[in-house]
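The values are calculated or read from the model by the stated rules, or taken from the named source; none is laboratory data. From a predicted model like this one, the values you see are computed outputs, not experimental measurements. Cβ: placed from backbone, ideal geometry, glycine included. Neighbour counts: every protein chain shown. Just so you know, the surface numbers come from the protein's heavy atoms only, side chains and all, with ligands and any DNA or RNA stripped out. Shrake-Rupley method; radii C 1.70, N 1.55, O 1.52, S 1.80 Å.
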Amino acid sequence: ADIAMYQAKTAGRNALCFFDPTLQKEHNSRLRQAKDINGAIGRGELHLLFQPQIDAEDRVVSAEALLRWRQPERGTVSAAELIPQAIEAGLIATVGRWVMEEACNRLAAWSREPDLAELTLAVNVSLQQVQQTDFVPEVLSILKASGADPTRLRLELPERLFTDDIDTIAVKLQVLRWHGVGLALDDFGTGQGSLRRLQQLPLDQIKIDACFVRGLADDTNDATVARAIIAMGQALGLTVVAEGVERADQRQRLLDLGCQRFQGYLFSRPVPQGALRSRLKTLNRPKREAPQVAD
Ligand code: C2E
Ligand code: MG
Ligand code: MG
Ligand code: MG
């Protein structure tokens, strides 16, 4: 409600719409839903899906953890809906901790499975999480408690990081880097990131936002942006990952532009861990049998 009031005050003439009773009601019910996140954790309704990341040789090298909330009455709520609600309700710290614990526990278990042992795992974190004073010690203690290898964990950070106190954030992230944790800049090209600031963060990966991938085949502007991001990433020594790759022609175009990593429905939707295991077998299967040696 505080946010609605604040927006109403600052929105001027548009303020009227915030007092539209239906909108207000919708807002309240969303907030009520968000406030039930604690209950959801207790009832075991939160879970992680995993989306594979593929290299240029079509091998699965990594997976991204994506949060879902399975509600008995409503079905599954996606992260795109859930995360902003959790932030608004002041519960992102709780959700973030649950995600980090779950992800690190999975990662530790993967190290004992031949099929999954080589994978790295990417976890999304929002600006509000990074801003918490105990963010870094919390990640490190979760890593330690789980027994997961820090060098197999990667955090995906939003470009919004750039709009706030970048120096403080850079110092925090550097500590995680020292422990071997990887850092990716998510949705690159959509926010306020400047190239100068890109160098201030100890990143090892950038992800080209899906919006540039979408128009890749027929929109020359998108292709130009994608080419520039890939070239810049390479110049800075970063791994460039394209997200939202849905078609083979998009993958091919990206490959031609020098992109080495891909993620998207073309390869797999986000899936539960069991399905990830079988997806890995299909995706990693050699495309052609090795030539028979004639005797
Ligand atoms: P993101 O990190 O950029 O994740 C990519 C989103 O695009 C995911 O949506 C994924 O399901 C979707 N996606 C992947 N491939 C394709 C494709 O080929 N086509 C299309 N149309 N979509 C694709 P999702 O899971 O709803 O997540 C939305 C956003 O919510 C994420 O964007 C991320 O910023 C955030 N998020 C997800 N899980 C978490 C979490 O555990 N913690 C935090 N703080 N944020 C999270
Ligand atoms: Mg992400
Ligand atoms: Mg992304
Ligand atoms: Mg995205």
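Some points to look at:
- Members of the stretch 175-216 found to be surrounded by fewer than 17 Cβ atoms within 10 Å (Cβ to Cβ) and assigned to a loop (DSSP other than H, G, I, E, B), listed by number: His179, Gly180, Thr190, Gly191, Gln192, Ser194, Gln199, Gln200, Pro202, Asp204, Gly215
- Scanning the stretch 268-287 for residues that are under 16 Å from Arg251 (Cα atoms), modelled with pLDDT of 85 or more and surrounded by fewer than 19 Cβ atoms within 10 Å (Cβ to Cβ) gives a single hit, Arg269.
- Residue in the stretch 149-171 that is closer than 26 Å to Asn105 by Cβ, among the polar types (S, T, N, Q) and open to solvent by 10 Å² or more (accessible area, probe 1.4 Å) present: yes
- The single residue among Ala56, Ala40, Ala80 that is open to solvent by 30 Å² or more (accessible area, probe 1.4 Å), hydrophobic (A, V, I, L, M, F, W, C) and either more than 16 Å from ligand 4 (Cβ to nearest atom) or without any contact (Cβ under 8 Å) to a residue 40 or more places away in the chain (or both) turns out to be Ala80.
- Look at (1) β-branched (Val, Ile, Thr); (2) open to solvent by 50 Å² or more (accessible area, probe 1.4 Å); (3) in contact with an Asp or Glu (Cβ under 8 Å, 6 or more places away or on another chain) and you find that Ile87 fails only one, number (3).
- Within the stretch 137-162, tally of residues that are within 16 Å of ligand 1 (Cβ to nearest atom) and either touching a Lys or Arg at 6+ places or on another chain (Cβ under 6 Å) or among the β-branched types (Val, Ile, Thr) (or both): 3
- Leading residue by the ranking (farthest from ligand 1 (Cβ to nearest atom)) among those in the stretch 239-266 that are open to solvent by less than 30 Å² (accessible area, probe 1.4 Å) and more than 17 Å from the chain's Cα centre (by Cα): Gly258
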